[in-house]
Amino acid sequence: MAALISRALAFTAVVVLIGALPWLSGNSPEYTVLRARYADRPATPEVLAQVRTELGLDRGPVAVFADWASGVLTGDFGTSWISGRPVLSGVLDALGVSLTLMGAALAVALLVAALVCLPVVLHGLAGRPSRGAGAAAAALTALPEFLLAAVLLIVVAVWWGWLPPYGWRGPEHLVLPALALGLPAGGLIGRLLSTALAGAFTERWVHTWAVAGHSRTRITVAALHRALPGVIGQIALVVVGLTGGAVPVEEVFAIPGLGRTLLGAAASQDIPVLQAGVLLLLLLAALCGVLAALVRRSLLGPAARSGDLPVPGPSPGRRRSWWAVPAVSGAALLTLIVAGLFRDPHTSAHARLEAPSWVLPLGADAAGRDVLARVGHGALDTLALALVVVAACLLLGLAVGMTGTWSTGPVEVTNAAPPIIAGILVVAVAGPSAAGAALAVALVSWAPLAAHTAALVAEVSARPYVRVLPLLGVGRARILAGTVLPALLPEVTRHAVLRLPGTALAIAALGFLGLGQQPPAPEWGLLLAEGIGYVERAPWTVLGPAGALVLASVLAVSLSSADGARRRPRARTGPPAAVPVPGPGSELVGSAAPAGPLRG
């Protein structure tokens, strides 16, 4: 009941937040609307007051919110403040474009995930334990979508001329953006699914089925059936991200999707369009979550209720060289930063777009500034800001996660919101800035830490020495603060530290879209955005920031992979249960794995 109430309150809070956007903005929209609709009229107080009355803002927040909410219930999302046309039709058209792009990207992602999982399946069928996805999946996951989109645009569309560089007029315009979104998503889905498959192939029923003469195809399908329930929720979040988080890709390829529409609405303060788009994304995320829960329940079937799920066998330990990738990427990133910190990032002391040399290892940008210096000093802007965000997320995640099941709703709603959508909302309220980018990333980055905290709270609270404390007269607040929190704090803190490079990438993505720091700040995403227009004749303008972003991505993925391997639960010990050997005609039922193994 607490989880249900939590979900209802969280959803209501988000709807109220969306409805209150006209009043949360510190910038009055009258002047923007005046310039868009009536460019020939002077901006006098009387004219601005007339525009405010026309927008309905003179009636107060309660009346405006009530009208908006009642209109939404009847399918009327209002009229655009800029164009004066109904909002819903335009937003639905943009959503259709985004869903089409999402479908193509998802097809690419599933194909990539299948290729990533193939070695794990072959090892499992051969009876050799596997650690899950390898370096290829990690490399794909480490590619930021906006950086991959820029590379594909430059190499495939501009240099090679194989595909159109921008627009949305035919199937050929779908290929590059689908690849930019689908390759990293496929790497992530492949990593999640391959790890689950590796665990499924260590369960005793696999050997039993092989001895019973079942085909390799049938065993593979059964292992997939067993592995999917544990990752289907994460896959649903990836699908939501392919729609809501596609803003940079849509911007690079000039695709008229929902993300680009929301970005334009935030920039022009077209609040009705922004409200409709965000609400539709929220409903899409909720729908994906519900479908994922139904699919998971269908896959698990009666085995989840009866407690008959099989236990994975022991997984292979990490290789001794697991630290090589994070060490090399971290050292290269540190070298790049330190080398740039001793140089001047702001003075235009060189020729415009000067080529790399011994004096300028990464060349000069369009203003004649040292690119290496700007990359090095940009680390202070990007990584230092990410450190502040991670610290704030750690505190918020601990506070929310300690509430237990009451954190379910806020965590689910927040997990469904990509940082870029949060950044668009923050820009609509406060305008683009470094603080706004940090706030946007923090608003959605605390949820994984809160979910981790809540899981550890439940685990620690179930320990015998903790369960006996209430019988000794110790209050719940004292138990949480004095016993539970010290037990979980090191684990959650390490989780937060591992999220530092990924947080820096999210901040860089906002800077690339112009939602974060503004020129002349040397923030990495902003550096990439500034150099992308000159990349055909001066590719070194993006080489430095792109290299820093790739190194940070590889560091984030390699550290998270190592941490996940270290924390993988071990199989329980004890005498093995009797596992019946299925006959040739036994079939998969509505459980997570074949009928025989689940009832061992």
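The values are calculated or read from the model by the stated rules, or taken from the named source; none is laboratory data. The structure presented is a predicted model; accordingly, all values stated were derived computationally and were not measured. As a convention, Cβ positions derive from the backbone with ideal geometry for all residues, glycine included, and neighbour counts pool all protein chains shown. To get the accessible areas, we keep the full protein, side chains included, count just its heavy atoms, and leave off ligands, DNA and RNA. Shrake-Rupley method; radii C 1.70, N 1.55, O 1.52, S 1.80 Å.
Side notes on the structure shown:
- Evaluation of Val72 against the conditions (1) open to solvent by 60 Å² or more (accessible area, probe 1.4 Å); (2) hydrophobic (A, V, I, L, M, F, W, C); (3) at pLDDT 75 or above shows that the sole unmet condition is (1).
- Residue tally, condition more than 22 Å from Ser298 (Cα to Cα) and open to solvent by 20 Å² or more (accessible area, probe 1.4 Å), over the stretch 209-234: 7
- The numbered conditions (1) free of Cβ contacts under 8 Å to residues at least 60 places away in the same chain; (2) assigned to a helix (DSSP H, G or I); (3) farther than 14 Å from Val444 by Cα are all true for Val411 except (3).
- Residue that is modelled with the lowest pLDDT [pool: residues in the stretch 4-21 that are under 12 Å from Ala428 (Cβ atoms) and open to solvent by 20 Å² or more (accessible area, probe 1.4 Å)]: Ala20
- The residue of the stretch 346-381 that is modelled with the highest pLDDT, among those that are within 34 Å of the chain's Cα centre (by Cα) and open to solvent by 60 Å² or more (accessible area, probe 1.4 Å), is Pro361.
- Residues considered: Val497, Val460, Val474, Val429. Of these, the only one that is modelled with pLDDT under 80, surrounded by fewer than 22 Cβ atoms within 10 Å (Cβ to Cβ) and assigned to a loop (DSSP other than H, G, I, E, B) is Val474.
- Residues of the stretch 481-494 that are within 23 Å of Val468 (Cβ to Cβ) and either in contact with a Pro (Cβ under 9 Å, 6 or more places away or on another chain) or open to solvent by less than 30 Å² (accessible area, probe 1.4 Å) (or both): Val484, Leu488.
- Ala63, sole failed condition from (1) within 31 Å of the chain's Cα centre (by Cα); (2) over 22 Å from Ala180 (Cβ atoms); (3) of a type in the set (A, V, I, L, M, F, W, C): (1)
- Residue check for Gly124: more than 25 Å from the chain's Cα centre (by Cα), among the small types (Gly, Ala, Ser) and crowded, with 16+ Cβ neighbours inside 10 Å: yes
- For the stretch 522-561, a residue qualifies if it is surrounded by fewer than 22 Cβ atoms within 10 Å (Cβ to Cβ) and farther than 16 Å from Ala509 by Cβ, and the qualifying residues are Gly533, Tyr534, Val535, Glu536, Arg537, Ala538, Pro539, Trp540, Leu543, Gly547, Ser560.
- Residue in the stretch 49-69 that is surrounded by the most Cβ atoms within 10 Å (Cβ to Cβ), counting only those that are under 16 Å from Leu17 (Cα atoms) and among the hydrophobic types (A, V, I, L, M, F, W, C): Trp68
- Verdict on Ala109 being modelled with pLDDT of 85 or more, touching a Pro at 6+ places or on another chain (Cβ under 8 Å), hydrophobic (A, V, I, L, M, F, W, C) and surrounded by 16 or more Cβ atoms within 10 Å (Cβ to Cβ): no
- For beta carbons closer than 7 Å, sequence separation of 6+ or different chains, a first residue in the stretch 73-95 that is at positive phi and a second that is part of a strand (DSSP E or B) and open to solvent by less than 40 Å² (accessible area, probe 1.4 Å), there are no qualifying pairs.
- Of all residues in the stretch 384-399 being within 20 Å of the chain's Cα centre (by Cα) and crowded, with 21+ Cβ neighbours inside 10 Å, the one that is farthest from Ser348 (Cα to Cα): Gly397
- Taking the conditions (1) in a loop (DSSP other than H, G, I, E, B); (2) at pLDDT 85 or above in turn, Ala417 satisfies each one other than (2).
Rundown of residues vs (1) modelled with pLDDT under 85; (2) under 30 Å from Tyr166 (Cα atoms), yes/no style:
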| site | (1), (2) |
| --- | --- |
| Thr220 | no, no |
| Gly245 | yes, yes |
| Arg260 | no, yes |
| Ser268 | yes, yes |
| Leu284 | yes, yes |
| Ser298 | yes, no |
| Pro302 | yes, no |
| Arg305 | yes, no |
